[in-house]
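Laboratory data are not the source of any read-out in this text; all were calculated from the coordinates shown. Bear in mind the structure is a predicted one, so any value in this text is a computation, not a measurement. We place every Cβ from the backbone using ideal geometry, glycine too, and count neighbours over all the protein chains shown.
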Amino acid sequence: MTYLVDTHCHLNHDEFNQVSETVGRAEGEGVSYVVVPGWDIRSSERAVELSEMFERLYAAVGIHPHEASKADSVSLQRVESLSKHKKVVAIGEIGLDYHYNFSPPEIQRNIFEAQIEIAKTVGLPVSIHNRESDADLMAILERQATGSWSLPRRFSYQINPQPRGVLHSFNSNYDIARRAIALGFYLGISGMITFGKKDTETELQKVVRAIQPEHLLAETDAPYLAPVPHRGKTNEPAYVPIIVRKIAELQGLNEEDIRRTTSYNAYKLFGVGEAPPPKIAYQIKDSLYLNLTLRCDSDCIFCDRKGEAMVKGHNLHIEREPSAQELIAEIDDPTRYKEVVFCGYGEPTTRLEVVKEVARFVKGRSGRTRLDTDGHGNVINHRDILPELRGIIDAVSVSLNSIDPVEYKRLMGDQNGNGWHAMVDFAKEATKYIPEVYMSVVGVPGLDVDAAKEFVENEIGAKFRYRPEF
């Protein structure tokens, strides 16, 4: 199984007087890396000391809002000095806390912003504490994002902006989650995800169910917030798998999917762990996806094809296109999977002959196939390709994205303006040749989901699928 990262664990707390044993238990549960944040100068120094003692421990340094009234220019200079240590990966734990108000809100805000400026100066992400301070916190982050951080390209459609930090132990609503993600922040999911009544979903659980795992980190916040069934006891990094399993349950994915994705997210944000190698075949849940190409006739504004090309912790940034025989070797026995999907970050029908050869192999061995496409295969290949797919493709999923041709052109980067009509014609024609036809939309702001669903079901005669933006 993929290693795990505890992205927020106070091993510098007095509760942990046997750090070696705690680290050993974590490693026994597959938790290979731990980020240890400070909350004042002494705890930040201790975090750095621990990172020097243990190879796979890393530090974050900062002043917690509870300690803000004790901070001065000297302590802020010390945070900046500590931040330059080679194993310091973030400025944190910093932020706002209006529940206890151990420090006056105005002072909290000043110290918070001063530390954001330090993070910008030294080029580190921030680990943010937020309790009952959503409005002020987001106002600060959105204002700060207009500075040297720079805003990501259009907020409404940015999927993977440059990471700037994490809202640690996230417990706010979906709107705050969405705004934070759009600014380049991850949501740190702690043991709170396991709290609540058995048959009633908490607000946090609803948020996590709705957010793609590419925007989540796993953390314990130990020694606090131990997950069920250890609630009320001392938390520790060995409990990260419990949190990961709950996230997987809520998202309808396998534990391995969440392990892989959250661990890559930690690597992307903190540089902790390992970069995954490119793959030509990758498993998500119980399906095998084939990464045929990065070439595409579209340039969707919500696609990361030209960027990292990562999907749930899988690296799809291949340097060359695989042959049919290489893909067949990866599949081996197709009955091990629910379905074999022709997908990747490019458009599979640009390699139609490879799709057909591999599909025939899968069907010849009692497997099931699906083609994920933008619906431009006939334009790309200068002929009607659907009769060639009859009998070897069981399902087709077409990216609809918009029922408005003008909006479609903008979203898809459609240069000639004919893509929408080609896509619609392809989907309609597909219902004659392919047993199952789906059309999907991404939930960008302004999308009329009901109208899109009605169009797909009544105009096309296909099944409708909705994918969240974040």
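Summarise the long-distance tail of P(r) for the chain by giving the % of C-alpha pairs beyond 31 Å.
47
Tell me, what ³J(HN,Hα) does each residue in region 256-269 have, in order and in whole Hz, if you take phi through Karplus 6.51 cos²θ - 1.76 cosθ + 1.60 with θ = phi - 60° and put x for Gly and Pro?
4, 4, 6, 4, 5, 5, 5, 5, 5, 4, 5, 5, 5, 7
Would you please give the residues with an amide H less than 5 Å from that of Ala281, counting only those at least 5 places away or on a separate chain, with H modeled from the backbone geometry?
Hits under the 5 Å cutoff: Asn291.
Extending each Cα 7 Å along its Cβ direction at Ala329 and Arg131, get the distance between those two points in nm, one decimal.
Taking the simple label geometry, Ala329 and Arg131 are separated by 5.6 nm.
Looking at region 7-97, which trypsin sites (Lys or Arg not before Pro) are in a loop (DSSP not H, G, I, E or B) and have at most 13 other Cβ atoms within 10 Å?
Details: sites: Arg25, Arg42, Arg46, Arg56, Lys70, Arg78, Lys84, Lys86, Lys87; in loops: Arg56, Lys84, Lys86, Lys87.
Those satisfying the criteria are Lys84, Lys86.
Which pairs in the list Lys86/Lys312; Lys197/Lys338; Lys363/Lys463; Lys428/Lys453; Lys120/Lys233 are over 26 Å apart, alpha-carbon to alpha-carbon? It would help to have the intermediate numbers written out before the result.
Numbers: Lys86/Lys312 29 Å; Lys197/Lys338 33 Å; Lys363/Lys463 23 Å; Lys428/Lys453 15 Å; Lys120/Lys233 37 Å.
Table pairs above 26 Å Cα-Cα are Lys86/Lys312; Lys197/Lys338; Lys120/Lys233.
By counting other Cβ atoms within 10 Å of each Cβ, how are Cys343, Cys300, Cys9 ranked from fewest to most? Don't skip to the end; give the middle numbers.
Values: Cys343 23, Cys300 18, Cys9 28.
Lowest count first: Cys300, Cys343, Cys9.
Using the basic label-point model (7 angstrom from Cα toward the beta carbon), what is the Asn418 to Phe195 distance in nanometres?
With each label placed 7 Å out from Cα toward Cβ, I get 5.9 nm.
Could you let me know the centre-to-centre spacing of region 328-371 and region 34-83, using Cα atoms, in angstrom?
Each part's Cα centre sits 51 Å from the other's.
List the residues whose amide H sits under 5 Å from the amide H of Phe185, counting only those 5 or more places along or on another chain, with H placed 1.01 Å from N in the peptide plane.
Correct list: Arg164.
Whole-Hz ³J(HN,Hα) for each residue in region 198-213, computed from phi via Karplus 6.51 cos²θ - 1.76 cosθ + 1.60 with θ = phi - 60°, x for glycine and proline: what do you get?
4, 9, 10, 7, 6, 4, 4, 4, 5, 4, 5, 4, 8, 9, 5, x
Amide H to amide H under 5 Å from Val31: which residues, 5+ apart in sequence or cross-chain, H placed 1.01 Å off N in plane?
Excluding prolines and chain starts, which carry no amide H, the hits are Leu4.
Near Lys70, within a Cβ-to-Cβ distance under 12 Å, what is the net charge of the other residues, with Lys and Arg +1 and Asp and Glu -1? Walk me through the numbers on the way to the answer.
On the way: positive: Arg42; negative: Asp40, Glu67, Asp72.
Residues close to Lys70 contribute a combined charge of -2.
I need to check one value: relative contact order of region 4-270, counting alpha carbon pairs closer than 8 Å and at least 6 residues apart, in percent.
RCO, region 4-270: 19 percent.
Kindly put Thr2, Thr146 in sequence by how many other C-beta atoms sit within 10 Å of each C-beta, fewest to most. Present the calculation step by step, with values, prior to reporting the outcome.
Details: Thr2 21, Thr146 9.
In increasing order of surrounding Cβ atoms, one gets Thr146, Thr2.
Using only Cα atoms, locate the centre of region 388-405 and the centre of region 200-266, then give the distance between them in Å, rounded to an integer.
Between the Cα centres of region 388-405 and region 200-266 lies a distance of 34 Å.
What span do the alpha-carbon atoms of region 281-468 cover on each of the three principal axes, reported in whole Å from largest to smallest?
Dimensions of region 281-468 along the principal axes of its Cα atoms: 43, 36, 32 Å.
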